[in-house]
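Remarks on the structure that follows.
The values are calculated or read from the model by the stated rules, or taken from the named source; none is laboratory data. Worth saying up front: this structure is predicted, and the values here are computed from it rather than measured. Neighbour counts run over all protein chains shown; Cβ positions are idealised from the backbone, glycine included. The accessibility values were calculated without ligands, DNA or RNA, using every heavy atom of the protein model including side chains. Shrake-Rupley method; radii C 1.70, N 1.55, O 1.52, S 1.80 Å.
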Amino acid sequence: VYKWSFETKGEAEQLACSSTLKFSDDIIAVPKQVEFPTTLGTAFGYYYPPTNGKYECTTEDAPPLLVKAHGGPTSCTGTSFNAGIQFWTSRGFAVLDVDYGGSTGYGRDYRRRLRGSWGVVDVDDVCNGAKYLVEQGLADPKRLCIDGGSAGGFTTLGALAFRDTFTAGTSLYGIGDLCMLAGDTHKFESRYLDGLVGEYPKEEALYKERSPIESIETLSCPILLLQGVEDKVVPPNQAESMHQALLKKGIPTCIKLYEGEQHGFRKAENIEDALDSELAFYGKIYAINIPNAVDISIDNL
């Protein structure tokens, strides 16, 4: 809570704060909104540069980039303090948090871009956002990775299956099989996909066409799968079936199942392990030396 005088227009005075955490300014990445060209016009996102005042890179022209796809899918990202993003930027990664077509906050037409086009518009936008930053010299084209949870996990797997922009990715309780989701998800969202994809089972062929698990033959880059065992929204069989398909294809992959977790991780130790595991995963894939990295076993690597 801050007090600011409209009359004097001086600096704001902090009156109270709900957190005791304090960080040095030179370790906090400040987001910058970016607009980039995409299939349906312009898309939006927030770019976070790698930021850590204790270190300076002198051996690379551009950093690895982690593109983040928010859940929903009809929600949006934001710029409030996010320790999960600062985790990456303080460790040398640039981050692009994408508000792909269908996100709220940009008007009705933008929000409606996703109608019947989930798995197409969102995938185009995250890929085009990454390409834009490469063109700006802000990301290494050989180290473009993507992650997302729930609907963002679907976008992540779709980008890895149907495009060749990214070289690694992580799906957190994400969707690989739309047909399986239509039959298994909870009652509240049971007809949600009708507007995002099409009426099921009438348009089952379209569901299969958009499902990453139906396009394993086009997948070629390493994928990490993180999943809660008690998830009722996106059941564990989504991650497990995807993992088995990747194993058979010979693609480097790893799955971690978290006991006691549902849709979105709640326990501090699991949130920490998920972040550390993803960092260790990219460390192995991109040959980045990660100090004190957690032990992670990647099949087919």
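Could you name every one of the helices (runs of 4 or more DSSP H) located completely within region 117-184 that has at least 2 residues being open to solvent by 10 Å² or more (accessible area, probe 1.4 Å) and small (Gly, Ala, Ser)?
178-184
Anything in region 273-301 that is free of Cβ contacts under 8 Å to residues at least 40 places away in the same chain, over 16 Å from the mean Cα position of the chain (by Cα) and not in a loop (DSSP other than H, G, I, E, B)? List them, or say none.
If the condition is that a residue be free of Cβ contacts under 8 Å to residues at least 40 places away in the same chain, over 16 Å from the mean Cα position of the chain (by Cα) and not in a loop (DSSP other than H, G, I, E, B), then ASP273, ALA280, GLY283, LYS284 are the ones that fit.
Applying the selection to region 249-270, what residues are assigned to a helix (DSSP H, G or I) and either touching a residue at least 12 places away in the same chain (Cβ under 8 Å) or among the small types (Gly, Ala, Ser) (or both)?
Of everything in region 249-270, those that are assigned to a helix (DSSP H, G or I) and either touching a residue at least 12 places away in the same chain (Cβ under 8 Å) or among the small types (Gly, Ala, Ser) (or both) turn out to be LYS249, ALA268, ASN270.
Quick one: would you say VAL34 is within 19 Å of the chain's Cα centre (by Cα) and either farther than 24 Å from ILE175 by Cα or hydrophobic (A, V, I, L, M, F, W, C) (or both)?
yes
May I ask you to verify whether CYS57 is of a type outside the set (Val, Ile, Thr), free of Cβ contacts under 8 Å to residues at least 60 places away in the same chain and in a loop (DSSP other than H, G, I, E, B)?
Taking the combined requirement at face value, the residue satisfies it.
Residue under question is LEU246, and the condition is that it be in contact with a Ser or Thr (Cβ under 6 Å, 6 or more places away or on another chain), over 30 Å from CYS57 (Cα atoms) and outside any loop (DSSP other than H, G, I, E, B); does it hold?
yes
Report whether or not THR253 is open to solvent by less than 60 Å² (accessible area, probe 1.4 Å) and of a type in the set (S, T, N, Q). Lay out the reasoning, then the answer.
Values: open to solvent by less than 60 Å² (accessible area, probe 1.4 Å): yes; of a type in the set (S, T, N, Q): yes.
Against the criterion (open to solvent by less than 60 Å² (accessible area, probe 1.4 Å) and of a type in the set (S, T, N, Q)), THR253 qualifies.
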